[in-house]
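Peer 1: Could you have a look at this structure, given as structure tokens, before my questions?
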Amino acid sequence: MNYGIEVENLTKIYPNFKLDSVTFQVPQGSIMGLVGENGAGKTTTISAMLNMIQTDSGEIRIMGKKMTDEDVELREEIGVVFDTVNFSPELTACRLSKVFSEIYKNWDERGYRERLEQLKIPSDKKIGKFSRGMTMKLSIAVALSHGAKILILDEATSGLDPIVREEILDLFLEFVEDEKRTVLISSHITSDLEKVADYITFMHQGKVVLVERKDILIYEYGIARCREREFMELEKTEYLAYRKRGLQTDVLVSDRKKFQARHSQILVDQAGIDEIMLLIVKGER
């Protein structure tokens with residue numbers, strides 16, 4: 001299998017936080033969602049991937065190559081959208097195109113114009129007068145317009161209404177259609193990830209605690225709703241995490257049908273990404 005992004009044992013130590021041996025791979029032609037609570041380490045991981053911070057150990061490869069400050073060609077292959085955008089407020093979207101045409105050798109003026117029209121971004125209005133949502137849309141249009149093979153997005157759909165988010169998610173799906181491009185997107189809007197992601201990586205307190213195919217999470221994982229006596233009778237190997245809620249204990253299981261077959265008296269619900277993340281973050285193991 002060919003990977004667009006490979007992160008191996010990535011470690012970065014701060015006085016009050018540690019990115020602890022973070023490891024995951026994103027296959028080419030796929031979209032991975034990166035989820036976790038605020039402060040879980042998602043943005044730090046992305047900053048390390050882009051060589052924006054110096055790490056203590058570990059290795060990051062983009063399309064099989066290690067990112068360095070000198071590797072200008074590799075940087076051209078990466079489209080980036082952060083949750084804060086720093087375009088000059090005096091520029092217009094039209095003028096911005098002229099700036100990026102001098103930065104990126106593969107700048108696609110026609111494609112950029114088409115995306116401005118598709119996303120209803122005014123080409124002659126100063127960026128400083130844009131709303132946050134409009135600015136995010138512009139940043140996404142730029143990221144998709146210079147021939148990138150990798151998209152790395154940190155909360156790229158935040159601040160956007162559901163209709164616009166749907167349009168942008170469709171752009172991400174189109175982006176990976178040729179199976180040679182790759183998307184990594186961190187987001188608190190897990191419903192977006194349920195629509196487009198192929199894989200989900202869960203982070204908690206600087207660690208990767210689970211990497212799984214999205215379809216397996218949605219269709220095979222489950223939440224068992226146990227009474228206290230029922231929970232006490234379970235073996236620890238039967239569940240991944242649990243959380244007590246009054247007289248009920250919610251238990252995260254990786255194969256709800258197998259669990260249901262062994263414990264027919266216990267109700268097992270289908271699990272969404274939000275509820276899985278809640279049990280991983282707030283639950284016990």
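What follows is calculated from the coordinates using simple rules that are stated; it is not laboratory data. Keep in mind the model is a prediction, meaning the values are calculated, not measured. Glycine gets a Cβ as well: all are built from the backbone with ideal geometry, and neighbour counts include every protein chain shown.
Peer 1: Set the Förster distance to 30 Å, then compute FRET efficiency between SER158 and LEU267 from the Cβ-Cβ distance, nearest 0.05.
Peer 2: Values: r = 34 Å, r/R0 = 1.15.
Efficiency for this residue pair is about 0.30.
Peer 1: Just how far, in whole angstrom, is segment 74-120 from segment 182-224 if you go by their alpha carbon centroids?
Peer 2: Centre-to-centre (Cα) distance: 29 Å.
Peer 1: Work out from phi, with θ = phi - 60° and the Karplus expression 6.51 cos²θ - 1.76 cosθ + 1.60, the ³J(HN,Hα) of each residue of segment 76-88, listed in order in whole Hz, and give x for Gly and Pro.
Peer 2: So the J values, rounded to whole Hz, are 5, 7, 10, x, 10, 9, 9, 6, 10, 10, 10, 5, 4.
Peer 1: Give me the number: length gained by fully extending THR11 to SER57, i.e. 0.36 nm times residue separation minus the C-alpha to C-alpha distance, one decimal in nm.
Peer 2: Taking THR11 through SER57 to full extension adds about 16.0 nm, to one decimal.
Peer 1: Given the pairs LYS18/LYS66; LYS98/LYS149; LYS98/LYS120; LYS126/LYS195; LYS129/LYS180; LYS18/LYS125, which span a C-alpha to C-alpha distance of over 31 angstrom in this model? Kindly include the intermediate steps, with their values, before the conclusion.
Peer 2: Values: LYS18/LYS66 22 Å; LYS98/LYS149 22 Å; LYS98/LYS120 19 Å; LYS126/LYS195 33 Å; LYS129/LYS180 37 Å; LYS18/LYS125 43 Å.
In this structure, LYS126/LYS195; LYS129/LYS180; LYS18/LYS125 lie more than 31 Å apart at Cα.
Peer 1: For segment 42-57, in order, what is each residue's ³J(HN,Hα) by Karplus, 6.51 cos²θ - 1.76 cosθ + 1.60 with θ = phi - 60°, in whole Hz (x at glycine and Pro)?
Peer 2: Residue by residue, segment 42-57 yields 5, 5, 4, 4, 5, 4, 5, 4, 8, 6, 8, 10, 7, 8, 8, 6 Hz.
Peer 1: Something else now. Using per-residue counts of other Cβ atoms within 10 Å, averaged over each peptide, order 106-112, 41-47, 73-79 from highest down.
Peer 2: 41-47, 73-79, 106-112
Peer 1: Let me ask you something else. Angle, helix 93-103 long axis vs. longest principal axis of the chain, Cα atoms, 0 to 90°, nearest 10?
Peer 2: Once rounded, one gets 90 degrees.
Peer 1: Which residues among segment 98-123 fall inside the zone where the amide N is under 11 Å from a point 7 Å beyond the Cα of SER88, along Cα→Cβ?
Peer 2: Answer for this model: 98-100.
Peer 1: Right, something else. So, in segment 220-282, how many Lys pairs have Cα atoms under 18 Å apart, if the pair is 8 or more places apart or on different chains?
Peer 2: Lysine pairs satisfying the spacing and distance rule in segment 220-282 number 5.
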